[in-house]
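See below for the structure under consideration.
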Amino acid sequence: MRVDLNYGRGHLPVDLDANWNVSVIRKPTMPLEANPLDAVEAALGNPVGSGALIDEAKGKTSTCILVCDITRPVPNGQLLPVILRQLLEAGMRRESIRILVATGLHRPNEGEELAELIGDQWVLDNFRVENHFARNDADHVDLGATSKGTRVKLDRRFVEADLKIVTGLVEPHFMAGYSGGRKVIAPGIAHKDTITTFHNARFMSHAKADSCILEGNPLHQEQLEIVKMLGRVLAVNTVLDEHRRMSFVNFGEVAKSHLDAVRFTEDYTVVPISRKFRTVVTSAAGYPLDQTYYQTVKGMVVPIDILEPGGNLIIASECTEGIGSSEYADAQRRLIEKGVDGFFDDISAKDYADIDEWQTQMQLKPMRTGSIHLYTTGLSDEDKHITGVNVVDSINDAVRKSVEESIAGNGDASVAVIPEGPYVVPAYRPAA
């Protein structure tokens, strides 16, 4: 039996013996929008908790539209042209419209990558498209503090815009419950001090800072409080199927429309599984998410609910851009030096997390559950060393070895395979 994992811009085949008990975990078949452009236009005219976009835009003097950076496969080429044409129809001048890439603390998207991200040449030729830089102090406005004490500093280009619109993809997120909506604002266009506060160890170690959990999730609560400081914000939310085709799109007030999209997607992305496995095989979702090891950690964390304690989690990620940021590499080196418990003790008392060390903290979860094995073709030998996991030369050999160990131990030849990686959340639900 062969199963293809998402890997880079293509797939990685995994060969599985016919006599093994293989469970391939995928989303249920999702409905598709037959004409995505028409679906976007319809959504803009049938809002959730707001007026139609044209009505909201009338009389406004400036607009800032947030788009996710290259790590999210948002169909901007289908969203932006429709949004922008409606803004022009409402009487807004092109020069008063700005598109801002919500990079958070990621690197900027430029050149050919920016063209790929925006997905439409007319948009690039006619509108300002700029990147957010979280470390530029002068680019941000201080809006005060949240009830938990987070100092809120956001990109002034968005804060000062008369009409504020976010676009995004609603999918499971291993810290914030679901991506999109409020998350495009914080951390998307937040200052580094804001990001490193609500990404510190106290937030990250909360039991409800997890995939597909919104109620009681401290990151989600903080993000909603930050959004309220901005006043009226609108959002265009999308949901994609396994093949990155549009399954859902809506528009409206940012919190209400995001929750409406969450209600749609949770029926597909959370897949109940009645048992745990000694061998779990997964991916980092393929391009664009698997360009760095930093993003690969998401694929390690999401399936641990169905991993038997002490079992093997085998993940494939291309990592064409290497480990990630230099700050993340430093955090990984500290993990190697101090070990799991020592690293956690080191970060626990900080008010401000070091940049990107929260991803290392999240890696502690699967490391405490079982053994992690990584197949990659993109990491240098030095980068492989600081992953903190076992890097394998053959994913087929790693899977076979794990299953053979399981058979020898208790006669169990069961394997779980999650081709789409962290976009599917297997939830352990034992049979009654």
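The values are calculated or read from the model by the stated rules, or taken from the named source; none is laboratory data. Bear in mind the structure is a predicted one, so any value in this text is a computation, not a measurement. Here the Cβ positions follow ideal geometry from the backbone for every residue, glycine too, while neighbour counts run over all protein chains shown.
When you scan the stretch 114-134, do you find a residue that is of a type in the set (Lys, Arg), crowded, with 23+ Cβ neighbours inside 10 Å, outside any loop (DSSP other than H, G, I, E, B) and assigned by TED's automatic domain parsing to the domain that holds Thr63, even just one?
no
Which ones in the stretch 359-387 are among the β-branched types (Val, Ile, Thr), under 17 Å from Leu307 (Cβ atoms) and not in a strand (DSSP E or B)?
Thr369
Within the stretch 271-281, is even one residue over 22 Å from Thr71 (Cβ atoms), buried (at least 24 other Cβ atoms within 10 Å of the Cβ) and among the aromatic types (Phe, Trp, Tyr)?
Among the residues of the stretch 271-281, at least one is over 22 Å from Thr71 (Cβ atoms), buried (at least 24 other Cβ atoms within 10 Å of the Cβ) and among the aromatic types (Phe, Trp, Tyr), which makes the answer yes.
Of the residues Val40, Val14, Val22, which is outside the structural domain of Glu420 (by TED's automatic domain parsing) and of a type in the set (Val, Ile, Thr)?
Details: Val14 fails: outside the structural domain of Glu420 (by TED's automatic domain parsing); Val22 fails: outside the structural domain of Glu420 (by TED's automatic domain parsing).
Result: Val40 is the single residue among Val40, Val14, Val22 that is outside the structural domain of Glu420 (by TED's automatic domain parsing) and of a type in the set (Val, Ile, Thr).
Can you tell which of Met300, Met367 is aliphatic (A, V, I, L, M), modelled with pLDDT of 95 or more and touching a Pro at 6+ places or on another chain (Cβ under 8 Å)?
Testing whether each residue is aliphatic (A, V, I, L, M), modelled with pLDDT of 95 or more and touching a Pro at 6+ places or on another chain (Cβ under 8 Å) leaves just Met300.
Could you pull out the residue among Ala34, Ala42, Ala57, Ala52 that is surrounded by fewer than 12 Cβ atoms within 10 Å (Cβ to Cβ) and on the phi < 0 side of the Ramachandran plot?
Answer to the check: Ala34.
Just one of (1) over 24 Å from Pro303 (Cα atoms); (2) at pLDDT 95 or above trips up Thr238, so point out which.
Of the numbered conditions (1) over 24 Å from Pro303 (Cα atoms); (2) at pLDDT 95 or above, the odd one out for Thr238 is (1).
What residue, among those in the stretch 386-399 that are out of contact with any His (no Cβ under 8 Å at 6 or more places or on another chain) and in contact (Cβ under 8 Å) with a residue 40 or more places away in the chain, is surrounded by the fewest Cβ atoms within 10 Å (Cβ to Cβ)?
Among those residues, the one meeting the criterion is Asn396.
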